[in-house]
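The values are calculated or read from the model by the stated rules, or taken from the named source; none is laboratory data. Since the model is a prediction, treat every value here as computed from it, not as a measurement. Here the Cβ is made from the backbone with ideal geometry for all residues, glycine too, and neighbour counts use every protein chain on show. Surface accessibility is based on the protein's heavy atoms, side chains included, excluding ligands, DNA and RNA. Shrake-Rupley method; radii C 1.70, N 1.55, O 1.52, S 1.80 Å.
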Amino acid sequence: MEQQQLRVVAVGHVDHGKSTLIGRLLHDSGNLPDGKVEELRGISGRRGVDFEWSFVLDAMQSERDLAVTIDTTRLWMRTPERDVVLIDAPGHKEFLRNMVTGASDADAALLLVDAHDGVSEQTRRHALLLELIGVDRVVVAINKMDRVAYAQARYEDIRSELEALLGRIGIAATAFVPVSARNGENIVDVSTAMPWYVGPTIFASLLALPSRAARARSGLRVAVQGVIRRGLQRTLVGRIESGELAAGDDIVVAPAMRRARILSLDLWPPQDRTSARAGESVGFTLDGPLYVDRGDIICDIAHPPTLATSFRARLLWLGARPLAVGDTYRMRFGTRTAVVRVAAFERVVDIEALATESHRIAQTNDVAEIVLESSEPLSLDTVWDQPGLARFILLDGIDIVAGGTILATLARAGENVVPVGHLVDVDARIRRNGHRGAVVWLTGLPGAGKSTIAMELERRLFERNIATYVLDGDNLRTGLCADLGFSDADRAENIRRVAEVAALFADAGSVAIAAFISPSRRDRERARAIVGDGFAEVYVRASAAACERRDPKGHYRKARAGELPGFTGLSGTYETPESPDLVIDTEKLDLAVAVDRLEQFVRERVSLTLSV
Amino acid sequence: MNHLDELEARSIAILREAYFRVQPLCMLWSMGKDSTALLWLARKAFLGSVPFPVVLLDTEMELPEVYQFRDELSKAWDLDYINQLCPPESAMDPTLPPATRAAARKTVGLRELVTEKKYRGIIVGIRRDEQSMRAKERVFSPRTVEGAWDLKHQPAELWDVYHTDIPDGQHLRIHPLLDWTEVDIWRYTERENIPIVPLYLARDGMRYRSLGEKNITVPIASHASSIAEIIAELETTKAPERAGRKMDHESEDAFERLRTSGYM
């Protein structure tokens, strides 16, 4: 009876046919009300225009006149398996705020590209924004195949271009479907015009999308919405962002970081339940007279948020005035509002190249990475751990000017730690050392040569009076990370700790060389976010076959014998870097040449005289 | 969590955001299935009692069963009920078609209510699936001093980090039911055992699918005499819900004109 609902946002360039595709999808799946198409044909006739499938969506008069979607709209598609809500988002750049509004309500996306016109700037921008908003399940429709004579070669070209693009952004599409929305090819019915395509139709691809992932990732979070007082009882109310809330549990109230215990759940009509799960809106009471109010965050003791006064964020700038260093805004996250100042401007993501470019300001519709600081300690989560509470909006006066996510916390303030500014600043350290600090992150398959290269690089830099130190599995797994195993969660935590330690080395002025398989692209992106500007990703490349032949530590042999389940070289997945700062191919280069190249690269990056 | 649990949890969170962020605040109640389900959600959100006034924009044209339902439920649920009388049809924009003009009385009644009581938030039980104009709505949707909806310049609304700040004199429409569909409302009404106006159930082969004033709403042919039968009927019908609402169909842009000037 009650199927899991799926909300899908349709995005893409304004002229690539989203509204047409949705209109067609609803019609072909039998989801239009009786008489709707006839009504719209009649209206079109009276206006002297040809009927378009997009009219089904553009029910608003002004939109139909422009033949452009201005704001998001929603359509309901009922199927025997599940209900799908289609969110039609405008493709025009000037309505980007409406596109992200639609996307922020979606579980998945349908990305349209015109087969004739190909990938456009707006295609790239939308893909980038999907990642920012947190939509990572995507079906790609390569539309208007009729305009390219249903040519398979054209489809393959666009598909490979898009695959590379989405890969760099960190999105994996579940299907690339060649369609003609206007003619109904591969929408619901399998196309006869494209017999070379054997994959699913749009309809089948949407139904096959995996359901929403559980939110119980790491620990309890409830952003307190308010307090309901009845007599002497104070009931806190809020929605459980993640984790579980149960009577008797010990909790921490952030940002005051005071401890308390959950006394009971307070629900209406009264229920006997003593625990509630992620996603539920609940009321609950605490023992003791602890003062808790709107804006506070309830956490379990094992997973407290970080108290910090500054953090790195990625955001979409929607303001009419540019965003610039020194500007002050109000930030809303969870149920709290704080005043923040732009402390540093790191980069604007260039949409064409998807590269990061250094700018001093962000203009309307730019995606930028900046450092924000607050005068009071804020309890912050990062998007890697708690996406829900790591999302924020910025307000300028009463206008919403940005939406973004917290990538990493910087200056920390702990329960017993008073933030103290260093009396030696970064520039002073650089002058003393004669070089900058940096993190050189070597990633690659086991046996690709990371450790060998790292040790050789360390020796050479040392000989040139560059402060340096190698961090690798052997010196961290036995100490700092001795409590971690090899589950996905533990591996992610291991990489996070390495990145934090490496960032401290770099801060102190050293060149930290981190040699870790680090198979997950997401974990490496997080490492980059933690370290910031001084981070360089170096892909140490060698084929799996070559690595297994070398097998310097005998791991492949053990894995083949079944002794190392999930070993990255064999059964585990290694996600190849999409845009590493440097590639060292150890199959093509011999060791000395490989290290020469890497040494040159590092010295250029940390040098004070050479241009970087 | 199943689909209804998800919808319920989100609506409750929205109601709480509205109450803790926007004051003074009221909720419109037409006694229809949607606003009655919303009232039930408000009781859940605030642990049994509704902490803001509940307003009927009264044209004195509701069906008698509707008024009777109002009297019974206001008492049983101990509501802070306000009856806001709407100005007569003769005071409406004469260029509007007749049924639209009748519906516009509510728009003007609402404007007078906001002016009198200085409300900064009005909770309204509209749904996106009812009508294509409503599909474009935000959860927290600003209105100008005149009550107008500037749909071409709606602010961004990201995730559930709601933006609730508005200039003095303006108000927010708050829409906790936007994501619900007609059948969701019925399933929830059945599950939670929420009272309904009996006119929704078929008598003599006719029932009201959507309840408006008696001069501008007509019943549909139906044999659904229980909520379960209504749900079964909705599973198969392709007729739009508001087919019985005359003002939606008088002219192509009638509903758009109503909405932009402040209709719900």
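Overview of values
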quantity	calculated
Whole-Hz ³J(HN,Hα) from phi, Karplus 6.51 cos²θ - 1.76 cosθ + 1.60, for segment B:225-233, glycine and proline x	10, 9, 4, 4, 6, 4, 4, 4, 5
Residues in segment B:155-171 occluded by at least 40 Å² - accessible area, probe radius 1.4 Å, against chain by itself	B:Ala156, B:Leu158, B:Trp159, B:Val161, B:His163, B:Asp165
Compactness index (Cα Rg / 2.2 N^0.38 Å), segment A:221-300	0.96
Average accessible area per residue (Å²) across segment A:426-606 - probe 1.4 Å, nucleic acids and ligands excluded	47
Chains A and B, summed buried accessible surface - 1.4 Å probe, Å², nearest 100	5600
Accessible area, probe 1.4 Å, largest first, for residues A:Lys93, A:Lys553, A:Lys36	A:Lys553, A:Lys93, A:Lys36
With all protein chains modelled, accessible area of B:Met31 [1.4 Å, Å²]	0
Cα gyration tensor category, rounded, prolate or oblate, for chain A with a/c compared to 1.5	oblate
Calculated over segment B:56-117: convex hull of Cα atoms, volume per residue (Å³)	78
Whole-Hz couplings from phi, Karplus 6.51/-1.76/1.60, listed for segment B:136-145; x for Gly and Pro	8, 6, 8, 5, 10, 10, x, 10, 6, 4
Cα gyration tensor category, rounded, prolate or oblate, for segment B:2-126 with a/c compared to 1.5	prolate
A:Glu563 - accessible surface, heavy atoms, 1.4 Å probe, Å² rounded to 10	120
Ranked order, A:Arg605, B:Arg134, A:Arg597 - accessible area, probe 1.4 Å, largest first	A:Arg597, A:Arg605, B:Arg134
Share of carbon and sulfur in the accessible heavy-atom surface of chain A [1.4 Å probe, %]	50
Kirkwood estimate for segment A:306-409, i.e. one over the average of 1/r between Cα atoms, Å	13.5
Placed amide H near A:Leu111: partners under 5 Å, 5+ positions off or other chain	A:Val11, A:Val139, A:Val140, A:Ala141
Net dipole in debye of the protein assembly as shown [+1 Lys, Arg Cβ; -1 Asp, Glu Cβ; about Cα centre; nearest 20]	1220
Sequence of A:Asp488, A:Asp266 when ordered by accessible area, the most exposed leading, probe 1.4 angstrom	A:Asp488, A:Asp266
Interchain or long-range residues, amide H under 5 Å from A:Glu346's placed H	A:Glu369, A:Ile370, A:Val371
Proximal lysines to A:Lys18, defined as alpha-carbon separation beneath 18 angstrom and excluding residues fewer than eight positions away on the same chain	A:Lys93, A:Lys144, B:Lys136
Candidate lysines - alpha carbon under 26 Å from A:Lys553, same-chain residues fewer than 8 apart omitted	A:Lys450, A:Lys588
Integer Hz, Karplus 6.51/-1.76/1.60 couplings in order for segment A:115-125, x for Gly and Pro	4, 7, 7, x, 5, 10, 4, 5, 4, 5, 4
Lys, Arg +1 and Asp, Glu -1 on Cβ, resulting dipole of segment A:245-315 about Cα centre, debye, nearest 20	380
Cross-link reach list, lysines versus B:Lys75, counting only Cα pairs under 28 Å and skipping chain neighbours closer than eight places	B:Lys33, B:Lys44, B:Lys106, B:Lys117, B:Lys118, B:Lys214
Amide H partners (placed H, <5 Å) of B:Leu85, local residues excluded	B:Asp58
Cα gyration tensor category, rounded, prolate or oblate, for segment A:6-207 with a/c compared to 1.5	rounded
